[in-house]
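See below for the structure under consideration.
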Amino acid sequence: MNSEPIKKVCFIGAGTMGCFNSLMVSVAGYECVIYDPLKESLAGRKENQKVMGEFLSHSNFFNRVDIDASISRIKDESNLINALEGADLISESIPENFDLKIKVLKEVESLIGNNAILTTNTSSLSVTKMSQQLNSSTHFAAMHFHLGSRLIDLARGVNTSEATIKSLVAFVESINGHPLVLKKESPGYALNAMLGGLFRQSMLMVIEGLYSIEEIDGAWKDMNKSEFGPFGMMDIFGLDVVKGSWDEKEEGSSHIVYKEKILGFLSQYTENESLGKKTGRGFYDYSNLQNEHSKSNYKDIQEDLNIGIIEAALVLLVDDILEKENINQAWLVGTLLEKGPLDILDTMGIYQFNERYTKWTSNSYISSENLTKIKVFLKSYK
């Protein structure tokens, strides 16, 4: 692979992630082009980025002064050959459909030079399976951005070279991102896996009739001094997106023990087009939002919520996806909260965690695969 630095980046797809990713890269000074065959998607790109930039400038993610110039520098292109000309790095962020992604990646692969790096922004699909469909798999990897965060996951495909990973790490650092290189592929990478644990736990607590949506969000906001609870976060992501991620979970995955209950729970909302903030109604009705919550059960709720996050973190550790400090770091960078999940475990203590974890195990909501791995691991955990 050519060791020349990356100069031009081509983004495939002008959706939410294509807009965010290209804006973050353009702000760092790179030449950027965004390709989409739908001219109407390109027509709305600048306005989408202005709204995005305005929102993120309030949190000091972007400097307001840099945003307009950076948006103007990005070139729109509906012709793929023109878009790819001279590109050193290609970032694909089209919808989460395996066959569609492979079709587009193969077409891109046939048009780029031997030294160009091809990446996917997939959130849930197998990078290994994708790389097996490509000829230049040594130059292929996952480079997964998180909306509104500087955390960027890097995951290898089956043949990804160390030179490719090294180039991507340097690139991520050059755009003021925080690269997180996974030792091997893992569903949801790190942050999404832990957020998934939080969301799963939250929904199961409602499904079981233990607490209300408002109580759970109130407990989370009280514990973390944050603006949104897990249900508020899911409303922001979009309940169709959350449900789609559960639809994609494979039959052999550890989630199968509760997948159908969660899909049924989410379907109550998605079938009525209650998709979250973007439709004005999801778990909350945003035309009549109430913020009063009872605090009577907050401690119990908080400890149960932490179970889902800690379990996901321990799976990452047990499966040798990341080291302990990197797992905590992924959570801290991605959420801007003050304590990582394994720090929370240290504070909670193994005995207290085991007691809570066993309670959920008895309800058959913890997969036997995860349960066995974690129970064995905790005996030697320090």
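Name the single residue that is farthest from L100 (Cα to Cα) among those in the stretch 131-164 being among the hydrophobic types (A, V, I, L, M, F, W, C) and surrounded by fewer than 18 Cβ atoms within 10 Å (Cβ to Cβ). Here the residue is A163. Residues that are surrounded by fewer than 19 Cβ atoms within 10 Å (Cβ to Cβ), β-branched (V, I, T) and closer than 27 Å to V127 by Cβ: does the stretch 31-45 have at least one? Looking for residues that are surrounded by fewer than 19 Cβ atoms within 10 Å (Cβ to Cβ), β-branched (V, I, T) and closer than 27 Å to V127 by Cβ, one finds none in the stretch 31-45, hence no. The residues of the stretch 257-278 that are surrounded by 14 or more Cβ atoms within 10 Å (Cβ to Cβ) and modelled with pLDDT of 90 or more, listed by number, are I262, L263, F265, L266, Y269, T270, S274, L275, G276. In the set Q132, Q49, only one residue is out of contact with any strand residue (DSSP E or B) (no Cβ under 6 Å at 6 or more places or on another chain), in contact (Cβ under 8 Å) with a residue 12 or more places away in the chain, within 27 Å of V181 (Cα to Cα) and not small (G, A, S); that residue is Q132.
Among all positions in the stretch 23-36, there is no residue which is charged (D, E, K, R), touching a Ser or Thr at 6+ places or on another chain (Cβ under 9 Å) and more than 19 Å from L105 (Cα to Cα).
Conditions tested, residue by residue: (1) closer than 23 Å to I152 by Cα; (2) not in a loop (DSSP other than H, G, I, E, B).
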| residue | (1), (2) |
| --- | --- |
| C19 | yes, yes |
| P37 | no, no |
| E40 | no, yes |
| K50 | yes, yes |
| S59 | yes, no |
| S70 | yes, yes |
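Considering S167, S174, S226, the condition of being within 27 Å of T16 (Cα to Cα) and either β-branched (V, I, T) or crowded, with 20+ Cβ neighbours inside 10 Å (or both) is satisfied by S167 alone.
Is there a residue being within 20 Å of V108 (Cβ to Cβ) and either hydroxyl-bearing (S, T, Y) or within 21 Å of the chain's Cα centre (by Cα) (or both) anywhere in the stretch 51-68? No, the stretch 51-68 contains no residue that is within 20 Å of V108 (Cβ to Cβ) and either hydroxyl-bearing (S, T, Y) or within 21 Å of the chain's Cα centre (by Cα) (or both).
The values are calculated or read from the model by the stated rules, or taken from the named source; none is laboratory data. Being a predicted model, the structure only gives us computed values, none of them experimental. Here the Cβ is made from the backbone with ideal geometry for all residues, glycine too, and neighbour counts use every protein chain on show.
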